[in-house]
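The values are calculated or read from the model by the stated rules, or taken from the named source; none is laboratory data. Everything numeric in this text was worked out from a predicted model, so none of it was measured. Please note: Cβ atoms are built from the backbone with ideal geometry, for glycine as well, and neighbour counts cover all protein chains shown.
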Amino acid sequence: MNRLAIFLVLLITSTGMSFASGQVSQKEKEVLLDLYQSTNGAEWNVSWDLDSPVDTWKGVEVQDGHVVGITLFMNNLKGVLPESLGKLKHLTNFNLAFNNITGVLPKDIVKLENLKVFRLEMNRIKGGIPSEIGQLKHLEVFSMFNNFLTGPIPESFGELKNLKELNLSSNNLKGIIPRSIGNLEKLETLGLFENSLEGEIPAEIGNLGKLKELVLANNQLGGEIPTEFGQLASLQILQLQNNRFNSFTGLKTMDTKQFLVLDTDDKSLNPRFNDIQFDRTRMADTKFEDDENNE
């Protein structure tokens, strides 16, 4: 057997052993260990046995020797997210919702080029959303409702052509709703409830033909409701109450029979609340008290 053949046999054998044992590269394992240490892993509801193969660790999904998923929903994570998260180039699903994570978003999360789902709702994260968020071209879900996010909604969200759910409700975001949001032709849910957003609703929102839920209540939005809302044929849930609109004429172009929920400050529009189950993606109105001074 020549040296090339021997090398190939060894390569196949060693690779197979690595995948079979659920191991990943030392580089990726170190990122997981960073996450464990920085969020007080020893105190998680279900912790990791660091001596066991990585693919046996709760919430860690491994494929072809790479970490592709981290799901630690409601697992008592306390602390900050490590900057090294950006090294998990194969990560597609990241769900650390309903924990007690503080600090700011690592700037290198925008390097997670394969990411599809990003869920950090119901934590205590402050600071801004990275302006380069539009680099995550495969992103389908970005949900961070009920945190302490500040600053504007990045214009680059409009570059995420695969986005289906964008939920930033119950934060401290300011500024306008970017017109670029109207580029998100696959968007089904847009939640911006309970922030400090101002200005008019962009007419481009009317381009979102697949939009089912639009929740803009409890902001400082003003002006008129765009007549382009009449194009939102898929919309079932619309909440606009507690803003500063001076006209609701734009809603007259809509078929109110299409709504499961319709709530505005113009009660002549006959608010509707059909018998449905309000889920956490929409009615995120129980904001955490900032009893630790935003840390």
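Please specify each residue of segment 34-54 satisfying the condition of being surrounded by fewer than 16 Cβ atoms within 10 Å (Cβ to Cβ) and either in a strand (DSSP E or B) or not polar (S, T, N, Q) (or both). Walk me through it before giving the result.
So the first thing to find is which residues in segment 34-54 are surrounded by fewer than 16 Cβ atoms within 10 Å (Cβ to Cβ), and the list is 37, 40, 42-43, 45-47, 49-53.
The answer is Ala42, Glu43, Val46, Asp49, Leu50, Asp51, Pro53.
How many residues does segment 165-176 contain that are surrounded by fewer than 18 Cβ atoms within 10 Å (Cβ to Cβ) and in a loop (DSSP other than H, G, I, E, B)? Spell out the reasoning first.
Here is the first cut: in segment 165-176, the residues surrounded by fewer than 18 Cβ atoms within 10 Å (Cβ to Cβ) are 172, 174-176.
Filter once more, so that each one left must be in a loop (DSSP other than H, G, I, E, B): 176.
Residues in segment 165-176 being surrounded by fewer than 18 Cβ atoms within 10 Å (Cβ to Cβ) and in a loop (DSSP other than H, G, I, E, B): 1 in total.
Within segment 141-164, work out how many residues are over 12 Å from the mean Cα position of the chain (by Cα) and not in a loop (DSSP other than H, G, I, E, B).
Within segment 141-164, residues that are over 12 Å from the mean Cα position of the chain (by Cα) and not in a loop (DSSP other than H, G, I, E, B) number 8.
Please work out if Glu224 is free of Cβ contacts under 8 Å to residues at least 40 places away in the same chain and of a type in the set (Asp, Glu). Please lay out each step first, then the result.
Numbers: free of Cβ contacts under 8 Å to residues at least 40 places away in the same chain: yes; of a type in the set (Asp, Glu): yes.
For Glu224, the condition - free of Cβ contacts under 8 Å to residues at least 40 places away in the same chain and of a type in the set (Asp, Glu) - is met.
Looking at Lys78, Lys87 in this structure, which one is out of contact with any Pro (no Cβ under 7 Å at 6 or more places or on another chain), basic (Lys, Arg) and without any contact (Cβ under 8 Å) to a residue 60 or more places away in the chain?
Going through Lys78, Lys87 in turn, the sole match is Lys78.
Identify all residues within segment 97-111 that are under 22 Å from Gly151 (Cα atoms) and either in contact (Cβ under 8 Å) with a residue 60 or more places away in the chain or not acidic (Asp, Glu) (or both); write none if there are none. Show your work before the answer.
Start the filter on segment 97-111 by keeping residues that are under 22 Å from Gly151 (Cα atoms), which leaves 97, 100-111.
Scanning segment 97-111 gives Ala97, Asn100, Ile101, Thr102, Gly103, Val104, Leu105, Pro106, Lys107, Ile109, Val110, Lys111.
Give segment 202-230 a look and list any residue that's in a loop (DSSP other than H, G, I, E, B) and either within 24 Å of Glu140 (Cβ to Cβ) or aromatic (Phe, Trp, Tyr) (or both), or say none. Quick ask: steps written out before the conclusion?
Our first condition is that a residue be in a loop (DSSP other than H, G, I, E, B); within segment 202-230, this holds for 202, 208-212, 216-219, 225-226.
Once the filter is applied, which keeps residues that are in a loop (DSSP other than H, G, I, E, B) and either within 24 Å of Glu140 (Cβ to Cβ) or aromatic (Phe, Trp, Tyr) (or both), segment 202-230 yields Pro202, Leu208, Gly209, Lys210, Leu211, Lys212, Leu216.
Restricting attention to segment 96-123, report how many residues are surrounded by fewer than 20 Cβ atoms within 10 Å (Cβ to Cβ), within 14 Å of the chain's Cα centre (by Cα) and part of a loop (DSSP other than H, G, I, E, B).
2
For the condition at pLDDT below 70, among the acidic types (Asp, Glu) and in a loop (DSSP other than H, G, I, E, B), what is the one hit in Asp265, Asp275?
On the way: Asp265 fails: at pLDDT below 70.
Going through Asp265, Asp275 in turn, just one is at pLDDT below 70, among the acidic types (Asp, Glu) and in a loop (DSSP other than H, G, I, E, B): Asp275.
Can you pull out the residues in segment 132-157 that are in contact with a Pro (Cβ under 6 Å, 6 or more places away or on another chain) and surrounded by fewer than 18 Cβ atoms within 10 Å (Cβ to Cβ)?
Step one: list which residues in segment 132-157 are in contact with a Pro (Cβ under 6 Å, 6 or more places away or on another chain), which gives 133, 153, 155.
If the condition is that a residue be in contact with a Pro (Cβ under 6 Å, 6 or more places away or on another chain) and surrounded by fewer than 18 Cβ atoms within 10 Å (Cβ to Cβ), then Glu155 is the only one that fits.
What number of residues within segment 163-178 are in contact with a Lys or Arg (Cβ under 6 Å, 6 or more places away or on another chain) and either over 9 Å from Leu190 (Cα atoms) or among the hydroxyl-bearing types (Ser, Thr, Tyr) (or both)? Walk me through it before giving the result.
Residues of segment 163-178 in contact with a Lys or Arg (Cβ under 6 Å, 6 or more places away or on another chain): 164, 170.
Then keep just the ones that are either over 9 Å from Leu190 (Cα atoms) or among the hydroxyl-bearing types (Ser, Thr, Tyr) (or both); that gives 170.
Qualifying residue count for the region: 1.
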